[in-house]
Amino acid sequence: MSHIAEWKVRLHLFEEDHTTKARLELDTGTNKLTGHGTARCAPQDTDVPEIGEELAVARAMEDLALQMKRAAYGDMRPASAPSLPESLKPYPGWLDTGA
C-alpha cells in the first residue's frame, strides 16, 4: 500500500530582552499541533542570537515531537494496538530507534 503525504511546517522566532521564543506549527491536513520553546541568555554571557534561536527551535521541536507521539499513541488505541497508559514508550511492533 503506497501513501504520499505533505505536511506543512511554519516556524516563528521572536527575540526580546535576551530571550528567544520559537513557535513551530505543524499542519498534517487532518491535525494541527504547535510546539513552543524558549531560550534565555544568562546575564554574564555574550548575547549571540543564533545560539538562542537554535536552542529555542530545538526545544520547540522536542515539544512538538512529544505531542506527535501522544497523538500517534492515541490513534493506535482504536486500531486495537496494546495500550500503554501514561507512557510514551513505543508499542510492541512499532520500533523507536532513538535513545
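General remarks:
- Restricting the GluC sites (Glu not before Pro) of segment 1-59 to loop positions (DSSP other than H, G, I, E, B) with no more than 13 neighbouring Cβ atoms within 10 Å leaves E6.
- Cleavage-rule hits (chymotrypsin sites (Phe, Trp or Tyr not before Pro)) in segment 1-78: DSSP loop, at most 15 neighbouring Cβ within 10 angstrom: W7
- Here, segment 8-79 is characterised by an Rg to Rh ratio of 1.13, where Rg is the alpha-carbon radius of gyration and Rh the Kirkwood radius.
Rule-based calculations on the coordinates, nothing more; no lab input. Computed from a predicted structure; not experimentally measured. All Cβ positions, even for glycine, are placed from backbone atoms using ideal geometry, and neighbour counts span all protein chains on display.
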